[in-house]
Amino acid sequence: MDSSESPTETKKTKSKTPRKNKETVLKQKSPAEFFAENKNIAGFDNPGKSLYTTVRELVENSLDSAESISELPVVEITIEEIKKSKFNSMIGLIDCERVDAELYDDYETEKAREKRLAKEARAQEIQAKNAALGKKVKETPASKGIRGRGEASFYRVICKDNGKGMPHDDIPNMFGRVLSGTKYGLKQTRGKFGLGAKMALIWSKMSTGLPIEISSSMRNQSYMSFCRLDIDIHKNIPHVHVNEKRENKERWHGAEIQVVIEGNWTTYRSKILHYMRQMAVITPYAQFLFKFVSDAPEKNVTIRFSRRTDVMPPVPLETKHHPSSVDLLLIKRLIAETSKQNLLQFLQHEFVNISKSHAERLIGEMGPDFSPKMALKSLTPQQLVRIHQLFRQAKFDDPNGHCLSPAGEYNLRLGIIKELHPDMVATYSGSAQVFEGHPFIVEAGVSIGGKNVKQGLNIFRFANRIPLLFEQGADVVTRTALKRINWSSYKINQLQDKIGIFVSIVSTKIPFKGTGKEYIGDDITEIASAVKYSIQQCCVQLKSKIVKKMQAREQQERKRNLSKYIPDATGAVYNVLKDMAETQLHASKKFRYGDDDGELLRKVYENLITKETLSEKLAKHVEQVDYEMALEYATQSGVSEEPRETIYIKPLETENKIIDLHSPFFVFRMFH
Amino acid sequence: MTESITGSVLITVLFSIRSSAQILSPSRVKISVVIHFHFTPTLCPITAHLPSMAESSKKRRRTNTDDLPFKNKLKPDSTILQTLKDFSTSSSSSSSSSKTLTLQDLSLPFSCREVSDLSLSSVQSNIESLVLRIAHSILSGNGFAFDVPSRAATNQFYVPELDRIVLKDKSSLRPFANISTVRKSAITARILQLVHQLCIKGIHVTKRDLFYTDVKLFQDQIQSDTVLDDVSCMLGCTRSSLNVVAAEKGVVVGRLIFSDNGDMIDCTKMGMGGKAIPPNIDRVGDMQSDALFILLVEKDAAYMRLAEDRFYNRFPCIIVTAKGQPDVATRLFLKKMKMELNLPVLALVDSDPYGLKILSVYGCGSKNMSYDSANLTTPDIKWLGVRPSDLDKYKIPEQCRLPMTEQDIKTGKDMLEEDFVKKNPGWVEELTLMVKTKQKAEIQALSTFGFQYLSEVYLPLKLQQKDWL
């Protein structure tokens, strides 16, 4: 085998090498090409995940767009399944029947078929046996037709919002040019790189070849833009099919984006639904309508996540850089972009936490070559390095969190209550803290009980108000909740209770780990301790509630719990007494016991005292003790309860009998 | 009897060929021995490949183990035996001369609670008067409560003069009409009734039996066991006087003959596993032995090694193990052996905090059973090995040592504060070394030089050097 194969091998390589040499030409790649080749960076690993990421990117864009004009978001997402034949007809391809069956990957050979039939027969036998035994049989899924590689499924994803809309002429560039965006700059944003919608377009081009369709209208705009375009991946420029103005009768503003992509609903169904649910938790002021439409009506899904509040977090402000977070390149860019002329003004206005006097001191520290009035353009590269060094070493106040827009304790709480309906919920919002010059705020919520919540820890992670669904295991929140919180000390049972843990982190720069932006590493002590503290604060709030609940329950169940053991105790005592009475009689040792005891035993022997007598007496005692305890509890808890709210009820008759008691200093009015 | 003696002589004689140490008096040698004198030299070369025969395998082992580390330091067995004999006589004379102290001899600043063995009838009458009191209390409408001695750690006290833990006399009320004690008091009543039945019928049951009489109430055995201890403490008797015993756990092998329920047991003829230590000590008696010491082994594995190698025939001894934490029966048995045979006790435990803890339970008693510490503890147990200093002394390689966990280190540090450790400066030194090096090792770490290193080199060398604390 080896010897016969190796010559052909060498032949091949020989024939290849000269060709390779010819090709070593310097080539350039457009950003679009790069992302098309490395789509996993943007979360387009496989068809299923691509469907999920597409939905996610479109939803987040919609939210950003609506929030930017302070409009309460209304987002409608529809996923429409497209069968292969329908897809073919869409692109004008005629369905071809298979002629040469053996050509295909999923061709079933005679042997494989025998094997499969035998397996099915066996399965049926087992099922019949189980049914005969009366066991509850799990319905075995109808044997799926073997799915070949070519058997892709296609989906049309439509996302409609009531946001800002897009200027008519900018639309091609906004969708057809990778790494162009409106969200650059230092502020808390959901998206970051201007990649999302474009990646969806690239993916649709790669998998279906169909263009993207955009309808958009801005506020007070009489027309509606309609644009159909795709992207020229090699040049990273849009390729516009249609770009026209249409009538806008309803005065609608916002955007509607339609894209047809390959996907996999079956495997990513739960992820997409989870995403929507968690998004609803963190944005309770938005209204979502999610629809899945397919030919099979039983597969259809329609979920409405309704709005629960009108209070929207403020739009995050763009902030300036913190001196400790900038690098050399950034300093150069800031110098090139600034309108300020001299060094003093530059330091004072282009960074946070540098006041004028502070800037002067810094310039003094830089060395004799520097002066406050020196022109920015005259700075040499060496001098820039010096500034950078000083920024690294000098001490600056931490940036404050004003530029951040956390969901807010109120919204988080509402979101949790709205989507989970828990028995108890506690929330906590931390103050701003700093990691590497970027401020961050951690908010946490802990809930107990609720519907659709599993037993044990259910962790919901949010970063800049986006749910994080993947790579949960390594995340700082998961690690903290699992390893660093002693749940039992808060009277919470980590395994049995239905615990929901919600942690939302917002920052101008979330320190994501990995390429997928799916989790925050556990190695950042600042964030880890802030997360731990927030969760603990929630737990402390819960603990007092839980303890109170337990006490109340104990009150209710005390009598029952005490009475439960009466038969055991009296039975044991009575049996000993009975044995004693009998032996005493047989041995006729009448005077072994004292008078009282002898009398007691005689009564037991004569059945004057029975087990029931003892039980009755003990039950009476229990009742008495229970009554005393209840009284004590009532007097204690009456004092410790929170102040009650006074309620004023209007009398039914407006006519009032009043007596005024007059004194020199006041009037005392009595109502009857 | 005859049979058992010949059996032990057979092997002893083989040893004596090698070590020329005559342990048993020549008068006990019988005809069968003579036959073996004839046979063994000629048989040896032929049967060498038969592993089932103890003689043959012994031969082969000896040739292989000559290059074991420290083997060359070993003196002939006769010298070691002489050392042991001296030690044995000196220790027995010293212990017999000093009278064993009791609690009454000391004037302690507080009163202590101690229990004693009570007869069945007195246990029965104790229960009966308690039950009568309760019945009266119930009938008068006051419910009832047990006055249970506290067995909490705060109620324990180490008495250095006695070298054991004793229980102070604090007690707590266990009323029925209280949500936190209702369960326990119901269980206590039930256990009292069950023990009462045992007293009437005069039979023994195990703790497991007791648990199964009312599984629904007891829920798990820990609960019935705890209450059982409470009851024996409350009635002022030992747990064995309640006629409730634990399942057999400990085993003994070696030069010991005793009667168990009237049957004579020869512990040299119990095979490799040894004789299980009977759960109720009152049926054990007539102890006889020609051993020079008692070897306490923590682990089953080390015990098996020694039993299989018939270590007790090379150096006459009694080997005991309770397979980990000792149960009551093993502790009572050890105490009885020590008292009746007056032998020194040497302990072979792991070099970790738990090994020392086990040693302390044998020596000073456990906190759980401190009310009965007078009957359960064996004073003056020597720590033979494996001690932290042995790890370097015997050059145990790094891969056989384990790093101590946080928990281990904490336990070790806590133990340094315990009085029973502090009273022995040697132990303090060893434990400090352990906590400092943060290394532990099991007895099995010695197997790194060969499975028989323990019995062939380590223990003999230890005995020769009188290396115990």
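The values are calculated or read from the model by the stated rules, or taken from the named source; none is laboratory data. These figures come from a predicted structure and were not determined experimentally. Cβ sites come from the backbone with ideal geometry, for glycine too, and all protein chains shown count toward neighbours. For accessibility, only protein heavy atoms count, side chains too; no ligands or nucleic acids. Shrake-Rupley method; radii C 1.70, N 1.55, O 1.52, S 1.80 Å.
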So is B:Ile179 open to solvent by less than 20 Å² (accessible area, probe 1.4 Å) and either assigned to a strand (DSSP E or B) or within 14 Å of chain A (Cβ to nearest Cβ) (or both) or not? no
Answer yes if at least one residue in the stretch A:269-279 is over 13 Å from the mean Cα position of the chain (by Cα) and either of a type outside the set (A, V, I, L, M) or open to solvent by less than 10 Å² (accessible area, probe 1.4 Å) (or both), and no otherwise. yes
Among the residues of the stretch A:485-501, write down those that are more than 20 Å from the chain's Cα centre (by Cα), among the hydrophobic types (A, V, I, L, M, F, W, C) and not in a loop (DSSP other than H, G, I, E, B). A:Trp487
Among the residues that make up the stretch B:89-105, is at least one of them modelled with pLDDT under 75, touching a strand residue (DSSP E or B) at 6+ places or on another chain (Cβ under 7 Å), within 27 Å of B:Ser373 (Cβ to Cβ) and not in a loop (DSSP other than H, G, I, E, B)? yes
Residues of the stretch A:475-484 satisfying the condition of being under 15 Å from the mean Cα position of the chain (by Cα) and of a type in the set (Val, Ile, Thr): A:Val476, A:Val477, A:Thr478
B:Lys367 vs. criteria farther than 30 Å from B:Ser91 by Cα, open to solvent by 20 Å² or more (accessible area, probe 1.4 Å) and either not in a loop (DSSP other than H, G, I, E, B) or not polar (S, T, N, Q) (or both): no
Against the conditions (1) out of contact with any helix residue (DSSP H, G or I) (no Cβ under 6 Å at 6 or more places or on another chain); (2) under 19 Å from A:Leu468 (Cα atoms); (3) of a type in the set (Asp, Glu), where does A:Glu67 fall short? Just the number, please. (2)
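Residue-wise test of (1) more than 19 Å from the chain's Cα centre (by Cα); (2) within 14 Å of another protein chain (Cβ to nearest Cβ); (3) of a type in the set (S, T, N, Q).
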{"position": "B:Arg183", "(1), (2), (3)": "yes, yes, no"}
{"position": "B:Ile187", "(1), (2), (3)": "yes, yes, no"}
{"position": "B:Ile191", "(1), (2), (3)": "yes, yes, no"}
{"position": "B:Val195", "(1), (2), (3)": "yes, yes, no"}
{"position": "B:His204", "(1), (2), (3)": "yes, no, no"}
{"position": "B:Asp209", "(1), (2), (3)": "yes, no, no"}
{"position": "B:Gln219", "(1), (2), (3)": "yes, yes, yes"}
{"position": "B:Asn261", "(1), (2), (3)": "yes, no, yes"}
Scanning the stretch A:490-501 for residues that are touching a helix residue (DSSP H, G or I) at 6+ places or on another chain (Cβ under 8 Å) and not charged (D, E, K, R), the one surrounded by the fewest Cβ atoms within 10 Å (Cβ to Cβ) turns out to be A:Asn493
Name every residue in the stretch A:317-371 that is buried (at least 19 other Cβ atoms within 10 Å of the Cβ), within 16 Å of A:Arg392 (Cβ to Cβ) and small (Gly, Ala, Ser), in order of residue number. A:Ser324, A:Ser325
Determine, yes or no, whether A:Ile231 is surrounded by 16 or more Cβ atoms within 10 Å (Cβ to Cβ), in the same structural domain as A:Ser65 (by the TED database) and closer than 26 Å to A:Ile91 by Cα. yes
Has the stretch B:432-442 got at least one residue that is open to solvent by less than 30 Å² (accessible area, probe 1.4 Å), at pLDDT 85 or above and closer than 22 Å to B:Ser366 by Cβ? yes
Looking only at the stretch B:114-144, which residues are more than 23 Å from A:Lys603 (Cβ to Cβ), surrounded by fewer than 19 Cβ atoms within 10 Å (Cβ to Cβ) and within 14 Å of chain A (Cβ to nearest Cβ)? B:Leu120, B:Ser121, B:Ser122
Here is a check on your reading of the model: is A:Gln536 more than 11 Å from chain B (Cβ to nearest Cβ) and either in a helix (DSSP H, G or I) or farther than 30 Å from A:Lys620 by Cβ (or both)? yes
Please pick out the residue among A:Glu628, A:Glu606 that is within 11 Å of chain B (Cβ to nearest Cβ), surrounded by fewer than 13 Cβ atoms within 10 Å (Cβ to Cβ) and acidic (Asp, Glu). A:Glu628
Residue by residue through the stretch B:315-335, note down the ones that are under 24 Å from B:Thr238 (Cα atoms) and in contact with a Gly (Cβ under 9 Å, 6 or more places away or on another chain). B:Val320, B:Thr321, B:Ala322, B:Lys323, B:Pro326, B:Asp327, B:Ala329, B:Thr330, B:Arg331, B:Phe333, B:Leu334
I want to confirm something. Restricting to the stretch A:372-390 and keeping residues that are open to solvent by less than 60 Å² (accessible area, probe 1.4 Å) and among the polar types (S, T, N, Q), which single residue is nearest to the chain's Cα centre (by Cα)? A:Gln383
Which condition breaks for B:Thr268 when tested against (1) hydroxyl-bearing (Ser, Thr, Tyr); (2) closer than 21 Å to B:Lys367 by Cβ; (3) in contact with a strand residue (DSSP E or B) (Cβ under 9 Å, 6 or more places away or on another chain)? (2)
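Residue by residue, here is whether (1) closer than 30 Å to A:Val326 by Cα; (2) open to solvent by less than 30 Å² (accessible area, probe 1.4 Å); (3) not in a strand (DSSP E or B) holds:
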site: A:Val442; (1), (2), (3): yes, yes, no
site: A:Lys451; (1), (2), (3): no, no, yes
site: A:Ile459; (1), (2), (3): no, yes, no
site: A:Lys483; (1), (2), (3): no, no, yes
site: A:Val503; (1), (2), (3): yes, yes, no
site: A:Lys509; (1), (2), (3): yes, no, yes
Restricted to the stretch A:554-576, and to residues that are crowded, with 21+ Cβ neighbours inside 10 Å, at the interface with chain B (Cβ under 7 Å from one of its Cβ atoms) and at pLDDT 90 or above, which residue is farthest from the chain's Cα centre (by Cα)? A:Val576
